[in-house]
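Here's the structure, in C-alpha cells; my notes come after.
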Number of protein chains: 2
Amino acid sequence: MPRRVTIVDVAARAGVALSSASTALNGRPGVSEATRARVRAAADELGYVPSLRGRSLSAGRAYAVALVVQRESDVLESDPFFGAFISGIESVLAGRGYALVLQMGITARDVARRYRDLSSYRRVDGVFLNELQVDDPRIALLTKLEMPAVAINADRGIEGFPFPVVRQDGVAAVQEIVRHLVDLGHRRIGHLSGPQHFVHGRERLVAWRQAVLDAGLEPGPVLDGDFTYAGGVSAAREMIALPDRPTAVFCANDLSAVGFMRRLQDEGVQVPGDVSVVGFDGIELGTYVRPTLTTAAASPRLIGAHAATALLDLIEGAVVPDIEIEPVRLVVRASTAYAPQSRDLRHTSA
Amino acid sequence: MPRRVTIVDVAARAGVALSSASTALNGRPGVSEATRARVRAAADELGYVPSLRGRSLSAGRAYAVALVVQRESDVLESDPFFGAFISGIESVLAGRGYALVLQMGITARDVARRYRDLSSYRRVDGVFLNELQVDDPRIALLTKLEMPAVAINADRGIEGFPFPVVRQDGVAAVQEIVRHLVDLGHRRIGHLSGPQHFVHGRERLVAWRQAVLDAGLEPGPVLDGDFTYAGGVSAAREMIALPDRPTAVFCANDLSAVGFMRRLQDEGVQVPGDVSVVGFDGIELGTYVRPTLTTAAASPRLIGAHAATALLDLIEGAVVPDIEIEPVRLVVRASTAYAPQSRDLRHTSA
DNA sequence: TTGAAAGCGCTACCAA
DNA sequence: TTGGTAGCGCTTTCAA
C-alpha cells in the first residue's frame, strides 16, 4: 500500500513551503495567485486529500456533530419522524464536510452520559437538541459543557434560551384542527395527550384547550397518552368506558391516533361515524390505515436541514438567529366527518 | 476555560515519563504495577480524559464506523427495520469507545461517493454492508479501498466472499410459511416479490418457489413488488385482474404486504377469507393492521449487535468467522386462514 | 509573499 | 522497567 499523500508531498511537488501549501489550499489570503494555482495543480496531480485527523488535531475540531436519541430500542422503529429528520440533517452535513454521529440512550441518565462523553472525548463539535422536555436538564448540561447546540421547537416562552432554535409552529395547526372539527358540528372535542413533560406534548394540550375555549365550547375529556400506539389503544379503552363520550378526539400524534382508532373500531365504534379522530405529524402510516387519518403535517426533513445549517454556522462562529419555518398544516383525510348530533341537527333544522 | 488536561500533565503529576504514562494508561505491558497505579491515580485526580484526536492521529484510527443507507429520503421513514438495527449496533459500539457515523445516499453513485469519501478522509475504520445486491458493486469498491467491512446476509453461494458475514437464515422461514399455507389447504400460492437485484429479494422468491414445488404444487403467479407499501398496492390491483387468482400470497416483506392487503380489502376481497396474506420481517406495523399480519420475524437488533462486534474485532485485527444467528421464525397471526376451496373440500369430505 | 518552526495530544520505538 | 524522542498531518504564528 503506497504511503498516503500528505500536504508535505504537495508542497514539495509545487516547490513551495509547507505553510504556503496549507494557506493556498484553504483559500486563505497570503499567497500569490500564481502560487495558489501551482499548489492546487500539484494537489490534483498527486490526488491529495487532506487528512481529517491531522486537521482535526490541529484545528481543534472534530468536523462531526451528533444526534442523541432517547428511546426504548424498539421505539425508534415505530417513530418514522426520525428518518426524515436525519435525512434532512445529512443532506446539509455532507455538503460541508461534516459527519453525523448517531447515539442512542434509553434513560435520561444514559443520554446525559452520552453527551458528557461526546464532550470530554471531543468527539463532535455540536449537537442537536431534539424532543425537548419541560425544564430539560440537557440545556444546563450542554451549557456547562460549552457544547454548541441547536434546539428544535424549544418552548417559546423561555427567556434567554441559550441556543439557537429552529421552530415549526404547531399551535396554528391545532387551531385549524379544532376549527375543522367545530365546522363539522362537533361540540364535545376530547384530547388524547402526549406526555406532559415534553414541550410538544404540553404545547398541543394547551393549544387544544385554548382553541376549544375560543370556539365557545367546554373542553372535552383528556385521555392520557404517551405518543405510542399502545398508549392510543389504552386511551380508547378508557374513552369507551366514559359516560359522556366526545364525538371527536384530537390525538397528540399520529402513532397514538392510529392505535386509538384501531381499538375503537375493534370495539365497534365507528370512525368517523361515531367519533372523528385527528392525529399530528403527518407520517405515512396515516395513509395506510382506514379511514385514512386527518392530521397536521410537520416537515421533519426541512427542520433537519435548517437545524444542520444553523449548527454548522454556529460552530464556525457565526451569530445564528432563531429560524422559523412554514407552520405545520392541516391535512384533511377520512377520519373526520360531521358529528352524529350535528347530522340530526341538520335534519331537524331542515 | 482551563486548559485541557493532557497525558503530559498526568505524567508530570505521577512523576514518570510521558511514554510510561501512555503505556500504563493503555494497560500495555512494560511498566511496573506500582507505576501503573501511580499513573492511574494521577489521571483520576486530574480528571484526565484521553483526547480522541491525538490518539486518532497517532494510532491511525478514527474510532468510528459507518453505516451508509441507500434510500429515497422518505423511505427510511417507512422502513422500521433500521431503527432496531442501528440500536443493536450502537449498543455494542458505545461500550467499546467507537461511534457510529450515519450517512445517506439516494442513488448508487451517491453511495459509492460516500464510501470513497469515508475512506479518503479516513473518517471511519470500517463499515457495515447492508441490504446487499446481487453482484453488489460495493464489494469491489470496499475491497479496493481496503476498508474493513462486515456484511449482513450476504449470498451464501459466493465463494471467497471478502468480508465476514452475519447471517440470519430466512429460507427456513419461507419454507415454514409455505408449509403453513399448504396445511391450511392452499394449493395456489402466489408471491409478491421484492426487487430481484437485492439478495434478500431474490432469496425469498427462490425459496418460495422451491418450497411450493417441494409441496408438490405448481408455483402461483409472481407479482412484481419493490418492498414498498405502494408496490404492494399496485400488485394487489394486478392480482385482482388475474383470471386465476391465488388463494394465498407470500409477500417479500411486511410493508408491501400491508399495502397489498389494504388494496385487496378496499376492492372487497376478504383477507383472509378470500386470500391469505403473509409478510416477512416482523415489523410492528403488522400488528397495527387488521387482520394482523402473519409474518416471519427477523431480529434486526441482534443482527446489528453481532455485526458491530464482528466489525470492531476485525478492525482490531482479529480473525472474524462468519456468524449465524437463530433463524427467522414464522409468526402466525390473523391474515392467514383455511383456503376457500379447502373449506368446501372439508365440507364435501365430511 | 514566503518559509521555518512550534504546537495539537497521543503512540511507539529505541536506548539507557 | 523507564525515559527520551520521533513521528502522525495539519494549522498558525512569526521572521525573513
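All of the numbers you see were taken from the coordinates with simple rules; none came from a lab. Note that the structure is a prediction, hence the values are computed from the model and not measured. Ideal geometry is used to build each Cβ from the backbone, glycine not excepted, and the neighbour counts take in all protein chains shown.
Over the residues of chain A, the helix contribution to mean residue ellipticity at 222 nm works out to -14000 deg cm²/dmol, using -39500 (n - 2.57) for each DSSP H run of at least 4.
Quick one: grab the alpha carbon gyration tensor of the protein assembly as shown, order the square roots of its eigenvalues as a ≥ b ≥ c, and give me rounded if a/c is under 1.5, else prolate or oblate depending on whether a/b is larger than b/c.
Oblate.
Which angle between 0 and 90 degrees, to the nearest 10, do you get for helix A:33-46 versus the longest principal axis of chain A when only C-alpha atoms count? Helix A:33-46 sits at roughly 80 degrees to that axis. Label-point spacing for A:Arg113 across the identical copies (point 7 Å from Cα in the Cβ direction), in nm and ascending order: 3.9. Dipole size of the range A:7-50 about its Cα centre, with +1 on Lys/Arg Cβ and -1 on Asp/Glu Cβ: approximately 120 debye, rounded to the nearest 20. Mean separation of Cα pairs under 8 Å and 6 or more residues apart, divided by the residue count, gives the range B:194-257 a relative contact order of 35 percent. Note on A:Leu57, B:Leu46, A:Leu181, B:Leu330: ascending count of other Cβ atoms within 10 Å places them as B:Leu46, A:Leu57, B:Leu330, A:Leu181, the fewest first.
When only Cα pairs under 8 Å and 6 or more residues apart are kept, what is the percent relative contact order across the range B:7-50?
Contact order relative to length: 42 percent.
Computed over chain A with a Gaussian network model linking Cα atoms closer than 10 Å, the most mobile of A:Arg13, A:Arg202, A:Arg55 is A:Arg13. The angle separating the long axis of helix B:81-95 from the principal Cα axis of greatest extent in chain B is about 20 degrees. When A:Ala334 is represented by a point 7 angstrom out along its Cα-to-C-beta vector, the spacings to that point in the other copies are 1.8 nm, nearest first. Peptide A:53-60 has a mean of 5 when you count, residue by residue, the C-beta atoms of other protein chains within 10 Å of its C-beta.
The Cα center of the range A:5-78 and the Cα center of the range B:1-23 differ in position by 29 Å. Note on chain A: with charges restricted to the Cβ of Lys and Arg (+1) and Asp and Glu (-1), its dipole about the Cα centre is near 1160 debye. Taking amide H positions as modeled 1.01 Å from N, with prolines and chain starts lacking one, the residues under 5 Å from A:Leu129 and 5 or more places away or on another chain are A:Val150, A:Ala151, A:Ile152. Going from the fewest other Cβ atoms within 10 Å to the most, the residues A:His180, A:His197 appear in the order A:His197, A:His180.
For A:Asp224, inter-copy separations between label points set 7 Å beyond Cα along the Cβ vector come to 5.3 nm, shortest first. Ranked for footprinting exposure by Cβ neighbours inside 10 Å, fewest first, A:Glu45, A:Glu131 give A:Glu45, A:Glu131. Computed over chain B with a Gaussian network model linking Cα atoms closer than 10 Å, the most mobile of B:Ser22, B:Ser193, B:Ser58 is B:Ser22.
Residues considered: A:Arg96, A:Arg40, A:Arg245. Largest GNM mean-square fluctuation over chain A, using C-alpha springs under 10 Å, is found at A:Arg40. Relative to the longest principal axis of the Cα atoms of chain A, the long axis of helix A:340-349 makes an angle of roughly 50 degrees.
Quick check: the distance between the Cα centres of the range A:261-319 and the range B:130-167, to the nearest angstrom? About 37 Å separates the Cα centre of the range A:261-319 from the one of the range B:130-167.
Given a cut-off of under 8 Å on Cα pairs at least six residues apart, what relative contact order in percent is computed for chain B? Relative contact order, chain B: 17 percent.
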